[in-house]
Amino acid sequence: MNPWNHDVAKDELDLVDVQVDGVWLRMPRGLNVVEVAHRSKKFIPHYCYHPKLSVVGNCRMCLFEMGTPKTNADRSPVLGPDGKPEIAWMPRPQIGCATGVTQGMGIRTDSPLVKDCRNGVMEFLLINHPLDCPICDQAGECKLQEYSVEYGTGTSRFVEEKLKKPKNVDLGKRIVLDDERCILCSRCVRFSSEVMKDDVLGFVNRGSHSTLTAYPGKRFDNAYSLNTVDLCPVGALTSKDFRFQMRVWFLKETKSICTSCGTGCSTTIGSREGKVHRVTPRENEAVNSAWMCDYGRLNIHYLDSKDRLHRPLLKAVGEQFPGTWADAIHRAAEGLGKVKPEEIAVVASGRLTNEELFVLKRLVGELGVTRVDMVPHSGQADNFLRSGDGNPNGRGAELLGLSSGGRKFSSWGAEIVSGKIRALLVLGGEDLVAAGIPSSALQKLDVLLFSGILGNETSRLAHVVLPSAATAEKTGSMVNVHGRLQRMTRAIAAPGEAREDWLILRDLREACTGGNSLHSVEDVWKAIAAEVPQFAGLSWAKIGDLGVQLETRSSLSGGNLVKA
Amino acid sequence: MAFSEQRLIFKNIDVPGYTRDIACYQKNGGYEVLKKGLAMGGGAIRDEVKKSQLRGRGGAGFPTGTKWSFIDPTKTTKPIYLICNADESEPGTFKDRQIIHKDPHQLLEGMILSCFANGVKLAYLYIRCEFTEGWKIMEKALNEARAAGFLGKNILKTGYDLEIYVHRGAGAYICGEETGLIESLEGKRAYPRIKPPYFPAVLGLYMCPTIVNNVETLCNVKHIVDMGGEAYAKIGRPNNTGTRLLCVSGDVVKPGYYEFPVGALTLGQLINDVCGGIRNGNRLKAVIPGGSSAKVLKAGEVYKIKEKGSDGNMLEKEVGLEDLRLDFDTLAAAGSMAGSGGVIVMDHTRDMVECLANISAFYAHESCGQCTPCREGVLWLKKILGRIAEGHGREDDPALLKEVADKIAGRTICAFGEAAAWPVQSFIAKFKAEFSARIARNGSASRHDTISLLH
């Protein structure tokens, strides 16, 4: 996915002896000094270096003192009294990002020379930097602030006039640029050109006057442009969506995944007081590296949509009225009990978590329902992260035997009209009208139960509406299109009385069949792991923050699925 | 005592009746050395260049034979490129311009020989955009050489093919830095490359092995092939061989370009005997011996120079400014450099604050802006110096100037950092009293001509 992975050695087993701040260590040959320091539990500060972008060495923050082994006339190393090679230190500092380690190399990350170099770079970066911190969105996660505290002097010797540059530059649909804050590290330029293959950003003018800009006639609008906001070490590139909304230090960070397509990029949800303010990619080399698409990142505003379902709704005399959960579950169970199991169809959803689908699987099994399927959603695939599968957990539904990929579903419209199907349980907020079943057919149903996040044509026809929780509001797991099992964690509570689907389904199951032994998502997991071979041996903890690969894609689609 | 020049490169320059067309060049023996070189073979030419101990004339003085030896034409599978660096931009330097304007075929002959020696099939002549006339001259010369069979396919029926293209810069000093030049030639901003890994000999133009040589250096190759490396090495002094083009500017009676064997004369002889002494009978104050980026040398200074005595042992001698030999090693030992051969002479009427403000204004204007210390530091230097020159200096300014310069030199991607820092470091170290005196009489602005450069 990435043209470069500087954090990975060419050969992790080809080790050389390296002295880092006086301690001899074994490190992979050729690994750059910034990464070697990191692995040595040291830190070499840097601005322009990023392990997934080309190395340009322009910020000079990673200057370190380098030494090479002293050699005798026969080129054998000179050994010191401790038996270790003696090192000849070079007077000129080197950049860590572009220096690969070799046998016997000496590295000083904190010598007086190195401190002086960092101090100099910090002072230089700040002389023309505006004092925007009180109004800058980057404040709190700004490398300029952090390194200034760590390596700067705290006072300025600069008494000249600062340079003026363009502020509030409209770079693209989702990005605003402040050129005065830009430290010209070129990470954004390299990301666009190297990762996105979209040459759109560059520098104009010279020296201190250098200015980041989009090429004449071009806009910075590509589908992944917001990654540059994360890459920008300072507050030069900001997201139009997030800027001026929230101080980052107030944000609670919750590890989750994006559910906007079948890729399931690892994310961090930033929320405060029950509101999600932003989603950023969380590094996961098995899924999304350090990136995510702008669509997925900004797909959070539906959480506050006016169509959001906040309370259970029950239909009476042709109209929906708010009711209690107890009444709603009772009405739903009563409805399903009125018809024969073969007259019930269940629209499972590729938007539900494995845990939710598993409770559903128990329910349909106990009821004896066989008409279970999922509504396929196709997305706009690209050659990068976006998947053509719009369902984030279509694989999970298949693994749990709750999906035939929409094959069964395709005949349900006709079966409703002919009276074969009399009750429908719709999950995951699927809009069946949009999926091809006319509202006239849905109106013929004796029982239409709807669980979802947002109201739609189907929900408006339902006899019982069960408001559920969105991605940011629930804990669970999903399997992405490549067969990777990943976790999401609840960041905020669902609004109003809306509940997580697994709780809704648990209560519905209890009301329908009396069965219940599941008290937490972990409980559900234990049951899944015991029952579903692909999940055997896995625990909630074992999935971890980066997920686990279940099996290869080909064997997943090879029909080794649990039957419902 | 008059010193007569020993002209090798400038042999035909300014000779009455000598023109820059190929007929005149050939009438004077032009392209005969090429025939000799083609018969010798590439390896033999490289050997002669190595024996000649020729050092690059662009500024760094790196041995040309060594530079070439980083490339083995028999082993590389990629094309090898040669670039002639004709981006002559160092203030005080105007030697390459003379060659291009007055003897372009000499340069071409040297280039073709160098290309042949290194297995180069495609070469570029990178010329600064301000050399508009020079560009036209070189294009014409190339056409003439092509028509005469010295360039193109099957050169002189030896089976050797070579094409040379002229590429014009766009007006940036940094394009004289060889990796910046390569980036520019590739159509990008002339941001110098980080070394390692982008040593031109390994990953140069289009990531292929590339040799970048200065105009004067390439001309020297012709003469080395002509007379042989050993004979060439006898000109000048050990490790400082051949002739040197010197560009003298500033406060001398006869500024101009001269050619002498390297180290054949002292700075005092150059100023007093060759250039007619200091103008208006003034006293010598300072000399910048190798282009504006070289460290300034002050009249009255005494340097400790090591030299090989007649018994072969190294002797340390104390040498005054005017007795410094104009060669690579002596000027380096004196704490400066021979650089690009641009000797800038300043007399006692010169205000060193203004001189340095002028130099710093140039470097602040030309910093490419790629790496932090140079981008931010050099403009800062200019601003401080401008403020002092305008009569608003602060007591701490000289110390601050030094500290800022110290945080640039040695910490940048390319040598521009040193080029900008060295003048400041040396002016402050040697003329600190003058800076302090200027600050003490604040309120009196400098002469108008310097101030105008600062905005």
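Under 5 Å from the amide H of B:V212 lie the amide H atoms of B:I83, each residue being 5 or more positions distant or on a separate chain, with H modelled from the backbone and absent for Pro and chain starts.
What's the average, rounded to a whole number, of partner chain beta-carbon atoms within 10 Å of each residue's beta-carbon in B:386-397?
Numbers: counts 1, 3, 0, 0, 0, 0, 1, 0, 1, 0, 2, 1.
Averaged over the peptide's residues, the number is 1.
For the ranges A:263-276, A:8-21, B:82-95, what's the packing order if you count other beta-carbon atoms within 10 Å of each residue, average per peptide, and put the highest first?
Numbers: A:263-276: 21.5, A:8-21: 15.3, B:82-95: 25.1.
By packing density, highest mean first, the sequence is B:82-95, A:263-276, A:8-21.
In order along segment A:16-22, the Karplus-derived 3J(HN,Hα) couplings, from 6.51 cos²θ - 1.76 cosθ + 1.60 at θ = phi - 60°, round to 10, 8, 10, 9, 10, 6, x Hz, and Gly and Pro are given as x. For A:K306, the lysines whose Cα comes closer than 25 Å to its Cα, not counting residues fewer than 8 places off in the same chain, are A:K173, A:K240, A:K252, A:K275, A:K315, A:K474.
Inter-chain Cβ neighbour count for B:361-370, averaged per residue, equals 4 (cutoff 10 Å, partner chain atoms only). Centre-to-centre separation between the Cα atoms of segment A:480-499 and those of segment A:191-210: 37 Å. Scan around B:V262 for amide H atoms under 5 Å from its own, H built in the peptide plane at 1.01 Å from N, and keep only partners 5 or more places away or cross-chain. The list, which skips near neighbours in sequence, is B:G236, B:R237, B:G242, B:T243, B:R244. Along segment A:83-99 the Karplus relation, 6.51 cos²θ - 1.76 cosθ + 1.60 evaluated at θ = phi - 60°, assigns HN-Hα couplings of x, 8, x, 7, 10, 9, 8, 7, x, 9, x, 10, 8, x, 5, 10, 10 Hz to successive residues, with x for each Gly and Pro. Helix-only arithmetic for chain A: the sum of -39500 (n - 2.57) across DSSP H runs with n ≥ 4, divided by the residue total, places the mean residue ellipticity at 222 nm at -6000 deg cm²/dmol. Based on the alpha-carbon gyration tensor of segment B:142-266 and its eigenvalue square roots a ≥ b ≥ c, which shape applies: rounded if a/c is under 1.5, prolate if not and a/b is larger than b/c, or oblate? It is oblate, given that a/c is not under 1.5 and a/b is not larger than b/c. For segment B:285-374, the tally of Lys pairs with Cα-Cα distances below 21 Å comes to 11, considering only residues 8 or more apart or on different chains. Near the amide H of B:L125, within less than 5 Å, lie the amide hydrogens of B:C84, B:Y165, B:V166, B:H167, all on another chain or at least 5 residues away, with H placed in the peptide plane.
From the square roots a ≥ b ≥ c of the eigenvalues of the alpha-carbon gyration tensor of segment A:219-275, which class results: rounded (a/c under 1.5), prolate (a/b over b/c), or oblate? Before the final figure, lay out each step's value.
Details: a/c = 1.97, a/b = 1.05, b/c = 1.88.
Taking the square roots of the gyration eigenvalues as a ≥ b ≥ c, segment A:219-275 is oblate.
Let me know the mean shielding of A:57-63 by other chains, meaning the per-residue number of their Cβ atoms within 10 Å of its Cβ. Numbers along the way, then the final one.
Values: counts 8, 10, 4, 11, 1, 0, 3.
Across A:57-63, the average partner-chain Cβ count within 10 Å equals 5.
Taking the highest mean first, how do the peptides A:432-439, B:204-211 order by number of other beta carbon atoms within 10 angstrom per residue? Don't jump to the answer; show the numbers that get you there.
Details: A:432-439: 16.8, B:204-211: 21.4.
The peptides rank, most packed first, as B:204-211, A:432-439.
Beta bridges assigned by DSSP with both partners in chain A are antiparallel in approximately 75 percent of cases. The calculated pair-distance distribution of segment A:49-131 uses every alpha carbon pair, bins of 10 angstrom beginning at 0, and gives 17, 36, 29, 13, 4, 1 percent. 3J(HN,Hα) along segment A:511-524: 5, 7, 10, x, x, 6, 9, 10, 10, 8, 4, 4, 4, 4 Hz, from the Karplus curve 6.51 cos²θ - 1.76 cosθ + 1.60 with θ = phi - 60°, whole Hz, x for Gly and Pro. Summarising the strand pairing of the protein assembly as shown, around 65 percent of its internal DSSP beta bridges are antiparallel. Segment A:316-369 and segment A:526-544 have Cα centres spaced 26 Å apart.
Mean residue ellipticity at 222 nm from the helices of chain B, using -39,500 (n - 2.57) per DSSP H segment of n ≥ 4 over the full residue count, to the nearest 500 deg cm²/dmol?
Working: 17 runs with 178 residues, N = 455.
Result for chain B, helices only: -11500 deg cm²/dmol.
If I require 18 Å or longer along the helix axis, counting alpha carbons, and a Kyte-Doolittle average no lower than -1.0, what helices from chain B are left? Use full DSSP H segments.
Numbers: long enough: B:104-117 (20 Å, 0.85); B:132-147 (23 Å, -0.79); B:215-227 (19 Å, 0.54); B:352-366 (21 Å, 0.62); B:372-389 (25 Å, 0.26); B:416-440 (32 Å, 0.39).
Passing helices, by number: B:104-117, B:132-147, B:215-227, B:352-366, B:372-389, B:416-440.
For chain A, excluding the exposed loop sites themselves (chymotrypsin sites (Phe, Trp or Tyr not before Pro), DSSP loop, at most 15 other Cβ atoms within 10 Å), the longest remaining stretch covers A:245-564.
Bridges between two residues of segment B:229-311, per DSSP, are antiparallel at a rate of about 90%.
Pairs with C-alpha atoms separated by more than 20 Å, drawn from the list B:K36/B:K157; A:K52/B:K407; B:K51/B:K234, are A:K52/B:K407. To the nearest Å, what is the center-to-center distance of segment A:376-396 and segment B:368-445, using C-alpha atoms only? Centre-to-centre distance over Cα atoms comes out at 59 Å. Computed over chain A, the range of Cα coordinates on each principal axis works out to 93, 55, 38 Å, biggest value leading.
Straight Cα distances below 18 angstrom link B:K50 to the aspartates and glutamates B:D72, B:E216, B:D226, B:E230, with same-chain residues fewer than 8 positions distant left out.
FYI, it's all coordinate maths here, none of it is from the lab. The structure displayed is predicted, hence computed values, not measured ones. When we count neighbours, we look across all protein chains shown, and the Cβ atoms used for this are built from the backbone with ideal geometry, even at glycine.
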